[in-house]
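The structure under discussion is supplied below as structure tokens; questions concerning it will follow.
What follows is calculated from the coordinates using simple rules that are stated; it is not laboratory data. Keep in mind it's a predicted model, so treat the numbers as computed, not measured. In this analysis, Cβ positions are derived from the backbone assuming ideal geometry, glycine residues included, and neighbour counts consider all displayed protein chains.
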């Protein structure tokens with residue numbers, strides 16, 4: 001494996017690419033930090049790095065302590081939550097009420113991100129959900145495997161069509177108009 005890495009670096013260098021040895025990982029590893037996430041190929045999981053998790057926890061505690069904030073601050077917070085959704089199962093669902101609150105506030109303020117908005121009590125449930133996510137440093141999200149298989153068989157003739165998927169079957173006959181289509 002190390003020989004392959006060395007050969008690849010040599011090849012890329014000979015082709016004129018600059019290999020950044022500070023940023024590269026040149027020893028085989030089953031886990032790495034990439035694009036702001038921790039990937040673990042042993043457990044096949046993706047998670048939020050501890051430093052990022054701590055920062056998001058502080059942002060969430062700050063939101064929970066406020067009764068009002070600028071729309072810009074809420075938008076920034078939502079963006080931070082969206083950025084970690086690949087590592088948080090169902091995370092995107094817990095941003096929808098926040099997004100709706102931001103949208104309504106922008107609508108009523110004439111798209112002024114500097115306007116203050118009162119934070120409705122309805123946000124508290126989602127904020128507490130995010131707080132629990134960020135407090136649990138062992139939380140990880142599974143990376144789906146690509147082992148999904150489903151065969152669908154279909155056929156058509158000049159008179160009709162049919163399809164089968166597992167035990168489900170469907171069929172029909174072409175109308176006079178459909179029979180004239182070029183695909184029949």
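Once you wrap a convex hull around the alpha carbon atoms of region 31-94, what is its projected area averaged over all directions, in nm²? Intermediate values should be presented prior to the final figure.
Details: hull surface 19.3 nm².
Mean projected area for region 31-94: 4.8 nm², to one decimal.
If I take every Cα pair under 8 Å that is 6 or more residues apart in the chain, average their sequence separation and divide by the length, what percent do I get for the relative contact order? Mind dumping the intermediate values first?
Values: 187 pairs, mean separation 33.8, N = 184.
Over the chain, the number comes to 18 percent.
Oh, and also: With bins 10 Å wide starting at 0, give me the P(r) of the chain over every alpha carbon pair, in whole percents.
8, 22, 17, 15, 18, 17, 4
Let me ask another. Can you tell me the FRET efficiency between residue 12 and residue 143 if r is taken as the Cβ-Cβ distance and R0 is 22 Å, rounded to the nearest 0.05?
The computed FRET efficiency comes out at 0.20.
Using 0.36 nm per residue of separation minus the Cα-Cα distance, give me the extension gain between residue 132 and residue 151 in nm, one decimal.
Working: separation 19, 0.36 × 19 = 6.84 nm, distance 4.09 nm.
Taking 0.36 nm per residue and subtracting the Cα distance, the gain is 2.7 nm.
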